[in-house]
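Enquirer: Sharing a structure, written as C-alpha coordinates. Questions coming.
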Amino acid sequence: MRFIYTTFLLTSSYLFSETVIYSSSYIDVNSGTIKYDYSITINNNIITSIDKGYIDINDDDVLIDLRGKTLMPGLMDMHVHFGQEYKSKSERPVKVERETGAILASKHALVTLKAGFTTVRQVGDSGLIAISLRDLINSSQIEGPRIFTSGKSIATTGGHADPTNGKNSDSYEYPLAEDGVINGPYDAYTAVRQRYKDGADGIKLTVTGGVLSVAKSGDNPQFTEEEVVAVVNAAKDYGMWVAVHAHGAEGMKRAVIAGVDSVEHGTFMTEEVMDLMISKGTFYVPTISAGEFVADKAKIDNYFPEIVRPKAASVGPQIGSTFNKAHQRGVKIAFGTDAGVQPHGTNWKEFVYMVKFGMSAMETIQSATLNTAKLLKVDSILGSIDIGKIADLVAVDGNPIKNINSMENVVFVMKDGKRVELDR
(Lines give C-alpha, C1' and ligand atoms only; values in the text may rest on other atoms or scores of the structure.)
Protein backbone atom coordinates (compact mmCIF):
# COMPACT_ATOMS: atom_id res chain seq x y z
CA MET A 1 0.00 0.00 0.00
CA ARG A 2 1.29 3.45 -0.86
CA PHE A 3 1.78 5.79 2.07
CA ILE A 4 0.87 9.40 1.41
CA TYR A 5 2.39 12.04 3.65
CA THR A 6 -0.52 13.94 5.22
CA THR A 7 0.80 16.39 7.80
CA PHE A 8 -0.34 19.17 5.49
CA LEU A 9 -3.49 19.60 3.40
CA LEU A 10 -3.17 18.21 -0.12
CA THR A 11 -5.46 19.96 -2.58
CA SER A 12 -7.15 18.04 -5.35
CA SER A 13 -4.91 19.70 -7.94
CA TYR A 14 -1.81 18.42 -6.12
CA LEU A 15 -3.26 14.91 -5.84
CA PHE A 16 -3.65 14.70 -9.61
CA SER A 17 -0.36 16.38 -10.53
CA GLU A 18 2.59 14.57 -9.04
CA THR A 19 6.14 13.88 -10.13
CA VAL A 20 7.28 10.27 -9.94
CA ILE A 21 10.92 9.25 -10.19
CA TYR A 22 11.87 5.71 -11.17
CA SER A 23 15.18 4.89 -9.51
CA SER A 24 17.04 1.63 -10.04
CA SER A 25 19.48 2.65 -7.29
CA TYR A 26 19.35 5.42 -4.73
CA ILE A 27 21.65 6.18 -1.82
CA ASP A 28 19.96 5.93 1.56
CA VAL A 29 22.33 8.08 3.60
CA ASN A 30 20.53 7.20 6.85
CA SER A 31 21.48 3.53 6.62
CA GLY A 32 24.58 4.01 4.48
CA THR A 33 23.28 1.60 1.82
CA ILE A 34 22.10 1.65 -1.78
CA LYS A 35 18.45 0.73 -2.31
CA TYR A 36 17.32 -0.78 -5.58
CA ASP A 37 14.21 -0.39 -7.76
CA TYR A 38 12.06 2.25 -6.08
CA SER A 39 9.53 4.87 -7.08
CA ILE A 40 9.77 8.25 -5.36
CA THR A 41 6.69 10.48 -5.53
CA ILE A 42 6.86 14.25 -5.15
CA ASN A 43 3.87 16.47 -4.57
CA ASN A 44 4.57 20.18 -4.94
CA ASN A 45 8.08 20.23 -3.39
CA ILE A 46 7.72 17.44 -0.81
CA ILE A 47 8.58 13.74 -1.06
CA THR A 48 5.23 12.11 -0.31
CA SER A 49 5.91 8.42 -0.89
CA ILE A 50 8.75 5.97 -1.48
CA ASP A 51 7.53 2.68 -2.96
CA LYS A 52 9.32 -0.54 -3.76
CA GLY A 53 9.08 -1.26 -7.49
CA TYR A 54 7.89 0.98 -10.32
CA ILE A 55 4.36 2.18 -9.60
CA ASP A 56 1.72 3.06 -12.17
CA ILE A 57 1.21 6.79 -12.69
CA ASN A 58 -1.76 8.92 -13.68
CA ASP A 59 -1.98 10.63 -17.04
CA ASP A 60 -1.42 14.02 -15.40
CA ASP A 61 1.67 12.89 -13.50
CA VAL A 62 5.23 13.68 -14.61
CA LEU A 63 7.54 10.67 -14.90
CA ILE A 64 11.31 11.08 -14.55
CA ASP A 65 13.05 7.83 -15.43
CA LEU A 66 16.45 7.66 -13.71
CA ARG A 67 16.93 3.93 -14.07
CA GLY A 68 20.59 3.23 -14.77
CA LYS A 69 21.69 6.27 -12.75
CA THR A 70 22.55 6.64 -9.06
CA LEU A 71 20.18 8.94 -7.17
CA MET A 72 21.06 10.69 -3.91
CA PRO A 73 19.96 13.67 -1.81
CA GLY A 74 20.87 17.15 -3.01
CA LEU A 75 24.49 17.88 -2.11
CA MET A 76 25.55 20.65 0.27
CA ASP A 77 28.81 22.62 0.38
CA MET A 78 29.46 24.40 3.68
CA HIS A 79 32.25 26.68 2.48
CA VAL A 80 31.91 28.66 -0.74
CA HIS A 81 32.70 32.19 -1.85
CA PHE A 82 30.41 33.27 -4.69
CA GLY A 83 31.62 36.42 -6.39
CA GLN A 84 35.29 35.50 -6.45
CA GLU A 85 37.70 33.05 -8.05
CA TYR A 86 41.41 33.37 -7.35
CA LYS A 87 43.48 34.47 -10.33
CA SER A 88 47.23 34.60 -10.80
CA LYS A 89 49.03 37.94 -10.66
CA SER A 90 49.17 38.07 -14.46
CA GLU A 91 45.46 37.23 -14.84
CA ARG A 92 44.16 39.70 -12.28
CA PRO A 93 42.73 42.98 -13.58
CA VAL A 94 44.34 46.15 -12.29
CA LYS A 95 41.07 47.30 -10.76
CA VAL A 96 38.08 45.23 -9.66
CA GLU A 97 34.86 46.94 -8.61
CA ARG A 98 32.61 45.41 -5.95
CA GLU A 99 29.82 45.30 -8.51
CA THR A 100 31.93 42.86 -10.56
CA GLY A 101 31.74 40.35 -7.73
CA ALA A 102 27.98 40.72 -7.54
CA ILE A 103 27.61 39.95 -11.24
CA LEU A 104 29.97 36.96 -11.06
CA ALA A 105 28.20 35.63 -7.96
CA SER A 106 25.05 34.81 -9.92
CA LYS A 107 27.15 32.92 -12.49
CA HIS A 108 28.98 31.00 -9.76
CA ALA A 109 25.70 30.13 -8.05
CA LEU A 110 24.23 28.62 -11.19
CA VAL A 111 27.28 26.54 -12.08
CA THR A 112 27.36 25.23 -8.50
CA LEU A 113 23.69 24.24 -8.65
CA LYS A 114 24.24 22.44 -11.94
CA ALA A 115 27.12 20.54 -10.32
CA GLY A 116 24.57 19.01 -7.93
CA PHE A 117 24.90 21.31 -4.93
CA THR A 118 21.41 22.44 -4.02
CA THR A 119 22.42 24.08 -0.73
CA VAL A 120 25.55 26.05 0.18
CA ARG A 121 26.90 28.07 3.05
CA GLN A 122 28.68 31.25 1.96
CA VAL A 123 31.13 32.11 4.71
CA GLY A 124 32.37 35.60 4.04
CA ASP A 125 32.18 38.04 1.15
CA SER A 126 32.94 41.68 0.49
CA GLY A 127 29.60 43.01 1.69
CA LEU A 128 25.97 42.14 1.07
CA ILE A 129 26.49 40.17 -2.15
CA ALA A 130 25.55 36.73 -0.83
CA ILE A 131 22.67 38.10 1.25
CA SER A 132 21.21 39.82 -1.81
CA LEU A 133 21.80 36.76 -3.99
CA ARG A 134 20.14 34.52 -1.40
CA ASP A 135 17.05 36.70 -1.36
CA LEU A 136 16.83 36.81 -5.16
CA ILE A 137 17.14 33.03 -5.37
CA ASN A 138 14.53 32.54 -2.65
CA SER A 139 12.12 34.75 -4.57
CA SER A 140 12.82 32.80 -7.81
CA GLN A 141 14.25 35.83 -9.62
CA ILE A 142 17.62 34.11 -10.07
CA GLU A 143 18.38 30.40 -10.28
CA GLY A 144 20.89 29.00 -7.82
CA PRO A 145 21.34 26.86 -4.72
CA ARG A 146 19.74 27.56 -1.36
CA ILE A 147 22.17 29.92 0.39
CA PHE A 148 22.98 30.36 4.07
CA THR A 149 25.40 33.23 4.51
CA SER A 150 27.42 35.14 7.08
CA GLY A 151 27.77 38.32 5.06
CA LYS A 152 31.09 40.08 5.64
CA SER A 153 33.60 38.12 7.76
CA ILE A 154 34.69 39.51 11.11
CA ALA A 155 38.43 40.01 11.71
CA THR A 156 40.75 41.86 14.06
CA THR A 157 43.03 44.69 12.92
CA GLY A 158 45.50 43.25 10.41
CA GLY A 159 43.72 39.91 10.57
CA HIS A 160 42.90 37.59 7.69
CA ALA A 161 39.66 39.39 6.73
CA ASP A 162 40.81 42.97 7.37
CA PRO A 163 39.94 44.53 3.98
CA THR A 164 42.74 47.09 4.24
CA ASN A 165 45.59 44.56 4.42
CA GLY A 166 48.28 45.33 1.85
CA LYS A 167 46.95 48.83 1.14
CA ASN A 168 48.74 52.11 1.65
CA SER A 169 47.53 53.72 4.91
CA ASP A 170 46.82 56.95 3.04
CA SER A 171 44.36 55.21 0.71
CA TYR A 172 41.75 53.98 3.20
CA GLU A 173 39.78 54.95 6.25
CA TYR A 174 40.28 52.80 9.34
CA PRO A 175 37.58 50.08 9.26
CA LEU A 176 35.08 49.98 12.12
CA ALA A 177 33.31 47.11 13.87
CA GLU A 178 30.35 47.59 11.53
CA ASP A 179 32.80 47.00 8.65
CA GLY A 180 33.90 43.71 10.21
CA VAL A 181 37.11 44.70 12.01
CA ILE A 182 36.95 44.50 15.80
CA ASN A 183 39.24 44.89 18.79
CA GLY A 184 37.69 43.81 22.07
CA PRO A 185 34.42 42.25 23.29
CA TYR A 186 32.41 45.46 22.98
CA ASP A 187 33.29 45.69 19.28
CA ALA A 188 32.31 42.02 18.91
CA TYR A 189 28.73 42.72 19.92
CA THR A 190 28.58 45.68 17.54
CA ALA A 191 29.84 43.59 14.61
CA VAL A 192 27.44 40.71 15.24
CA ARG A 193 24.47 43.02 15.62
CA GLN A 194 25.39 44.70 12.33
CA ARG A 195 25.41 41.27 10.61
CA TYR A 196 21.96 40.62 12.09
CA LYS A 197 20.79 44.00 10.80
CA ASP A 198 22.21 43.16 7.37
CA GLY A 199 20.22 39.93 7.28
CA ALA A 200 22.99 37.37 7.69
CA ASP A 201 22.16 33.80 8.75
CA GLY A 202 25.35 33.30 10.73
CA ILE A 203 28.77 34.66 11.62
CA LYS A 204 32.19 33.99 10.08
CA LEU A 205 35.31 34.74 12.15
CA THR A 206 38.91 34.58 11.02
CA VAL A 207 40.46 33.45 14.28
CA THR A 208 43.92 32.80 12.77
CA GLY A 209 46.00 34.10 9.90
CA GLY A 210 45.15 33.01 6.37
CA VAL A 211 46.97 31.59 3.40
CA LEU A 212 45.89 34.11 0.76
CA SER A 213 45.81 37.26 2.89
CA VAL A 214 48.62 39.74 2.27
CA ALA A 215 50.24 39.14 5.65
CA LYS A 216 53.19 37.10 6.87
CA SER A 217 51.60 34.54 9.19
CA GLY A 218 49.05 31.97 8.09
CA ASP A 219 48.38 30.37 11.46
CA ASN A 220 48.87 32.82 14.35
CA PRO A 221 45.88 33.36 16.70
CA GLN A 222 44.13 36.65 15.91
CA PHE A 223 41.28 36.76 18.44
CA THR A 224 41.55 36.72 22.21
CA GLU A 225 39.46 34.24 24.19
CA GLU A 226 37.27 37.10 25.43
CA GLU A 227 36.63 38.33 21.90
CA VAL A 228 35.59 34.90 20.59
CA VAL A 229 33.32 34.29 23.60
CA ALA A 230 31.69 37.68 23.05
CA VAL A 231 31.04 36.88 19.37
CA VAL A 232 29.53 33.47 20.21
CA ASN A 233 27.33 34.89 22.96
CA ALA A 234 26.12 37.72 20.75
CA ALA A 235 25.41 35.30 17.88
CA LYS A 236 23.39 33.03 20.17
CA ASP A 237 21.24 35.99 21.17
CA TYR A 238 20.14 36.24 17.54
CA GLY A 239 19.97 32.51 16.73
CA MET A 240 22.99 32.64 14.45
CA TRP A 241 25.64 29.95 13.87
CA VAL A 242 29.36 30.74 14.08
CA ALA A 243 31.96 29.36 11.66
CA VAL A 244 35.65 30.07 12.14
CA HIS A 245 38.44 30.15 9.60
CA ALA A 246 41.42 28.61 11.40
CA HIS A 247 44.79 27.14 10.44
CA GLY A 248 46.70 27.32 13.75
CA ALA A 249 45.91 25.17 16.79
CA GLU A 250 45.78 27.91 19.43
CA GLY A 251 43.18 29.93 17.53
CA MET A 252 41.09 26.78 17.03
CA LYS A 253 41.33 25.88 20.71
CA ARG A 254 40.04 29.27 21.81
CA ALA A 255 37.18 29.07 19.31
CA VAL A 256 36.09 25.53 20.20
CA ILE A 257 36.11 26.29 23.92
CA ALA A 258 33.99 29.38 23.21
CA GLY A 259 31.36 27.19 21.54
CA VAL A 260 31.58 27.84 17.80
CA ASP A 261 29.62 25.56 15.45
CA SER A 262 32.36 24.70 12.97
CA VAL A 263 36.07 24.98 12.31
CA GLU A 264 37.03 25.62 8.67
CA HIS A 265 40.31 24.30 7.19
CA GLY A 266 41.80 23.20 10.53
CA THR A 267 45.22 22.74 8.94
CA PHE A 268 47.44 22.38 12.01
CA MET A 269 44.77 20.89 14.26
CA THR A 270 46.25 18.95 17.19
CA GLU A 271 44.89 15.90 18.98
CA GLU A 272 44.00 18.19 21.89
CA VAL A 273 41.83 20.30 19.59
CA MET A 274 40.29 17.20 18.01
CA ASP A 275 39.28 15.89 21.42
CA LEU A 276 37.83 19.27 22.37
CA MET A 277 35.79 19.28 19.16
CA ILE A 278 34.49 15.78 19.88
CA SER A 279 33.46 16.73 23.40
CA LYS A 280 31.80 19.97 22.22
CA GLY A 281 30.19 18.46 19.12
CA THR A 282 32.00 20.94 16.87
CA PHE A 283 31.98 20.21 13.14
CA TYR A 284 35.13 20.19 11.03
CA VAL A 285 34.87 21.55 7.46
CA PRO A 286 38.19 20.50 5.88
CA THR A 287 38.33 22.18 2.40
CA ILE A 288 41.03 19.77 1.19
CA SER A 289 40.55 20.76 -2.45
CA ALA A 290 41.47 24.38 -1.71
CA GLY A 291 44.62 23.20 0.07
CA GLU A 292 45.57 21.03 -2.89
CA PHE A 293 44.86 23.88 -5.29
CA VAL A 294 47.04 26.47 -3.55
CA ALA A 295 49.87 23.97 -2.97
CA ASP A 296 49.91 23.20 -6.69
CA LYS A 297 49.80 26.87 -7.71
CA ALA A 298 52.58 27.73 -5.23
CA LYS A 299 54.97 25.85 -7.54
CA ILE A 300 54.34 28.41 -10.30
CA ASP A 301 56.48 31.55 -10.29
CA ASN A 302 54.49 34.78 -9.90
CA TYR A 303 51.15 33.03 -9.38
CA PHE A 304 50.92 34.29 -5.79
CA PRO A 305 52.44 37.42 -4.23
CA GLU A 306 55.76 36.42 -2.66
CA ILE A 307 54.42 36.91 0.88
CA VAL A 308 51.65 34.38 0.11
CA ARG A 309 53.68 31.73 -1.75
CA PRO A 310 55.45 30.06 1.23
CA LYS A 311 52.16 29.88 3.17
CA ALA A 312 50.42 28.19 0.25
CA ALA A 313 53.29 25.73 -0.15
CA SER A 314 53.26 24.69 3.52
CA VAL A 315 49.59 24.84 4.44
CA GLY A 316 48.18 23.12 1.34
CA PRO A 317 49.82 19.70 1.71
CA GLN A 318 49.03 19.54 5.45
CA ILE A 319 45.23 19.64 5.20
CA GLY A 320 44.88 16.10 3.82
CA SER A 321 46.97 14.63 6.61
CA THR A 322 45.02 16.53 9.26
CA PHE A 323 41.75 15.37 7.71
CA ASN A 324 42.87 11.75 7.92
CA LYS A 325 43.75 12.06 11.61
CA ALA A 326 40.54 13.92 12.49
CA HIS A 327 38.42 11.34 10.69
CA GLN A 328 40.17 8.44 12.38
CA ARG A 329 39.78 10.10 15.77
CA GLY A 330 36.01 10.60 15.31
CA VAL A 331 35.63 14.35 14.73
CA LYS A 332 32.31 15.21 13.04
CA ILE A 333 33.02 16.21 9.44
CA ALA A 334 30.85 18.34 7.17
CA PHE A 335 31.64 18.74 3.48
CA GLY A 336 33.13 22.04 2.34
CA THR A 337 35.44 23.09 -0.49
CA ASP A 338 36.35 26.80 -0.24
CA ALA A 339 35.25 27.13 -3.88
CA GLY A 340 36.23 30.60 -4.98
CA VAL A 341 39.84 29.81 -4.20
CA GLN A 342 39.59 27.09 -6.88
CA PRO A 343 36.98 27.38 -9.67
CA HIS A 344 33.28 27.06 -8.83
CA GLY A 345 31.62 23.94 -10.19
CA THR A 346 34.62 21.76 -9.34
CA ASN A 347 33.22 21.08 -5.86
CA TRP A 348 33.02 17.34 -6.66
CA LYS A 349 36.81 17.07 -6.38
CA GLU A 350 36.50 17.30 -2.59
CA PHE A 351 34.86 13.84 -2.61
CA VAL A 352 37.88 12.44 -4.44
CA TYR A 353 40.34 13.97 -1.97
CA MET A 354 38.33 12.79 1.03
CA VAL A 355 38.50 9.22 -0.27
CA LYS A 356 42.20 9.65 -1.04
CA PHE A 357 42.84 10.65 2.56
CA GLY A 358 40.97 7.80 4.20
CA MET A 359 37.20 8.29 4.19
CA SER A 360 34.89 5.76 2.53
CA ALA A 361 32.88 6.90 -0.48
CA MET A 362 29.62 6.48 1.43
CA GLU A 363 30.93 8.58 4.32
CA THR A 364 31.88 11.39 1.94
CA ILE A 365 28.34 11.51 0.56
CA GLN A 366 26.92 11.43 4.09
CA SER A 367 29.24 14.32 4.98
CA ALA A 368 27.68 16.36 2.14
CA THR A 369 24.07 15.47 2.99
CA LEU A 370 23.26 14.26 6.51
CA ASN A 371 26.10 16.01 8.29
CA THR A 372 25.78 19.31 6.46
CA ALA A 373 22.05 19.38 7.18
CA LYS A 374 22.78 18.81 10.86
CA LEU A 375 25.37 21.59 10.90
CA LEU A 376 22.82 23.98 9.40
CA LYS A 377 20.11 22.60 11.72
CA VAL A 378 17.84 21.84 8.75
CA ASP A 379 18.04 18.03 8.99
CA SER A 380 14.29 17.82 9.65
CA ILE A 381 13.61 19.02 6.09
CA LEU A 382 16.81 18.34 4.09
CA GLY A 383 19.77 15.98 3.91
CA SER A 384 18.19 12.62 3.01
CA ILE A 385 15.61 11.00 0.74
CA ASP A 386 12.74 10.59 3.18
CA ILE A 387 8.98 11.03 3.20
CA GLY A 388 8.13 14.56 4.33
CA LYS A 389 11.42 16.12 3.31
CA ILE A 390 11.97 18.71 0.59
CA ALA A 391 12.65 17.20 -2.82
CA ASP A 392 16.30 18.13 -3.35
CA LEU A 393 17.72 15.30 -5.46
CA VAL A 394 20.78 14.61 -7.60
CA ALA A 395 21.66 11.74 -9.94
CA VAL A 396 25.00 10.78 -11.47
CA ASP A 397 26.17 8.39 -14.14
CA GLY A 398 27.94 5.41 -12.59
CA ASN A 399 28.18 4.20 -9.03
CA PRO A 400 30.09 6.64 -6.79
CA ILE A 401 30.38 4.05 -4.03
CA LYS A 402 32.53 1.96 -6.37
CA ASN A 403 34.15 4.91 -8.18
CA ILE A 404 34.01 8.25 -6.40
CA ASN A 405 34.98 10.06 -9.61
CA SER A 406 31.39 9.44 -10.71
CA MET A 407 30.45 12.48 -8.62
CA GLU A 408 31.64 14.62 -11.53
CA ASN A 409 29.05 13.09 -13.86
CA VAL A 410 25.89 14.86 -12.70
CA VAL A 411 22.98 14.12 -15.06
CA PHE A 412 19.99 15.26 -12.98
CA VAL A 413 19.39 17.97 -10.40
CA MET A 414 16.15 18.80 -8.62
CA LYS A 415 15.93 21.62 -6.10
CA ASP A 416 12.79 22.29 -4.09
CA GLY A 417 10.79 19.91 -6.29
CA LYS A 418 11.79 21.62 -9.56
CA ARG A 419 14.07 20.09 -12.16
CA VAL A 420 17.16 22.13 -13.07
CA GLU A 421 18.07 22.36 -16.77
CA LEU A 422 21.63 21.11 -17.25
CA ASP A 423 24.09 21.98 -20.00
CA ARG A 424 24.11 18.52 -21.53
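The values are calculated or read from the model by the stated rules, or taken from the named source; none is laboratory data. Treat the numbers as computed from the prediction; the structure is a model and nothing was measured. Here Cβ is always computed from backbone atoms with ideal geometry, including for glycine, and neighbour counts include all displayed protein chains.
The rows are residues; the columns are (1) in the same structural domain as SER39 (by TED's automatic domain parsing); (2) among the hydroxyl-bearing types (Ser, Thr, Tyr); (3) crowded, with 16+ Cβ neighbours inside 10 Å; (4) not in a loop (DSSP other than H, G, I, E, B).
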{"residue": "GLU350", "(1), (2), (3), (4)": "no, no, yes, yes"}
{"residue": "TYR353", "(1), (2), (3), (4)": "no, yes, yes, yes"}
{"residue": "THR364", "(1), (2), (3), (4)": "no, yes, yes, yes"}
{"residue": "THR372", "(1), (2), (3), (4)": "no, yes, yes, yes"}
{"residue": "VAL396", "(1), (2), (3), (4)": "yes, no, yes, yes"}
{"residue": "MET407", "(1), (2), (3), (4)": "yes, no, yes, yes"}
{"residue": "VAL411", "(1), (2), (3), (4)": "yes, no, yes, yes"}
{"residue": "MET414", "(1), (2), (3), (4)": "yes, no, yes, yes"}
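Enquirer: Continuing with this model, one more query. Could you tell me whether segment 323-331 includes any residue that is in a loop (DSSP other than H, G, I, E, B), under 25 Å from GLY383 (Cβ atoms) and in contact with a helix residue (DSSP H, G or I) (Cβ under 7 Å, 6 or more places away or on another chain)? Talk me through it step by step, then tell me what you get.
Expert: Here is the first cut: in segment 323-331, the residues in a loop (DSSP other than H, G, I, E, B) are 330-331.
Filter once more, so that each one left must be under 25 Å from GLY383 (Cβ atoms): 330-331.
Narrowing the set further to residues that are in contact with a helix residue (DSSP H, G or I) (Cβ under 7 Å, 6 or more places away or on another chain) leaves 330-331.
Yes, the conditions are met somewhere in segment 323-331.
Enquirer: Right, GLY209: at pLDDT below 85, crowded, with 16+ Cβ neighbours inside 10 Å and touching a strand residue (DSSP E or B) at 6+ places or on another chain (Cβ under 9 Å) or not?
Expert: Details: at pLDDT below 85: yes; crowded, with 16+ Cβ neighbours inside 10 Å: yes; touching a strand residue (DSSP E or B) at 6+ places or on another chain (Cβ under 9 Å): yes.
When the stated conditions are applied, GLY209 passes them.
Enquirer: Just to check your reading of the model, which residue among GLY316, GLY320, GLY336 is closer than 19 Å to GLU85 by Cα and not in a loop (DSSP other than H, G, I, E, B)? Write out each step before concluding.
Expert: Numbers: GLY320 fails: closer than 19 Å to GLU85 by Cα; GLY336 fails: not in a loop (DSSP other than H, G, I, E, B).
Unique residue meeting the criteria: GLY316.
Enquirer: In segment 254-296, what count of residues is obtained for those that are within 21 Å of GLY124 (Cα to Cα), among the aromatic types (Phe, Trp, Tyr) and at pLDDT below 95?
Expert: Looking only at that region, the number is 1.
Enquirer: Sticking with this one: THR337: of a type in the set (Ser, Thr, Tyr), over 19 Å from PHE283 (Cα atoms), in the same structural domain as GLY144 (by TED's automatic domain parsing) and in contact (Cβ under 8 Å) with a residue 40 or more places away in the chain, yes or no?
Expert: Working: of a type in the set (Ser, Thr, Tyr): yes; over 19 Å from PHE283 (Cα atoms): no; in the same structural domain as GLY144 (by TED's automatic domain parsing): yes; in contact (Cβ under 8 Å) with a residue 40 or more places away in the chain: yes.
No.
Enquirer: I would also like to ask the following. Among the residues of segment 365-424, write down those that are closer than 18 Å to GLU18 by Cβ and β-branched (Val, Ile, Thr). Steps first, answer last, please.
Expert: Step one: filter segment 365-424 for residues closer than 18 Å to GLU18 by Cβ, giving 385-393, 412, 414-419.
Those that are closer than 18 Å to GLU18 by Cβ and β-branched (Val, Ile, Thr): ILE385, ILE387, ILE390.
Enquirer: Does VAL80 qualify as being crowded, with 17+ Cβ neighbours inside 10 Å, at pLDDT 95 or above, among the β-branched types (Val, Ile, Thr) and farther than 20 Å from SER384 by Cβ?
Expert: On the way: crowded, with 17+ Cβ neighbours inside 10 Å: yes; at pLDDT 95 or above: yes; among the β-branched types (Val, Ile, Thr): yes; farther than 20 Å from SER384 by Cβ: yes.
When the stated conditions are applied, VAL80 passes them.
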